[in-house]
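Worksheet: the structure to be examined is printed underneath.
Rule-based calculations on the coordinates, nothing more; no lab input. Computed from a predicted structure; not experimentally measured.
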Amino acid sequence: MKDFIKEAYDRLNSQTPVFFKKIGRLGVSLAATGAAFIAPEVTGAHIPEMVTKIGAHLLTAGAIMKGVAHFACTDPPSNNQQNP
């Protein structure tokens with residue numbers, strides 16, 4: 001378990017490739033759009049149920065995209081490296 005936590009920490013602090021930075025930005029945009037679709041429902045305004053469901057799906061997809069993109073790194077840490 002300690003190895004998993006250390007590897008996750010190393011991945012979070014390593015350099016992210018350009019492609020995954022773009023995916024992360026897209027994920028944040030989708031999450032913000034989904035939140036904008038859900039926000040009127042929270043305040044009590046009546047909007048169609050389909051719009052709320054679409055907003056929830058966009059919010060979830062955006063959060064997952066950002067999370068996956070954040071863990072991508074250019075040079076993944078290796079536990080099997082031996083010192084020469």
Hydrodynamic radius (Kirkwood) for the chain, which is based on Cα pairs only, to one decimal in Å: 14.9
With springs only between Cα atoms under 10 Å apart, run a GNM on the chain and tell me which of 57, 70, 46 wobbles the most. 46
Would you compute, from DSSP H runs of 4+ residues alone, the mean residue ellipticity of the chain at 222 nm, taking -39500 (n - 2.57) per run and dividing by the full residue count, rounded to the nearest 500? -24500 deg cm²/dmol
So what's the gap between the Cα centers of segment 13-53 and segment 55-70, to the nearest angstrom? 7
Which angle from 0 to 90°, rounded to the nearest 10, does the C-alpha axis of helix 49-71 make with the longest principal axis of the chain? 10
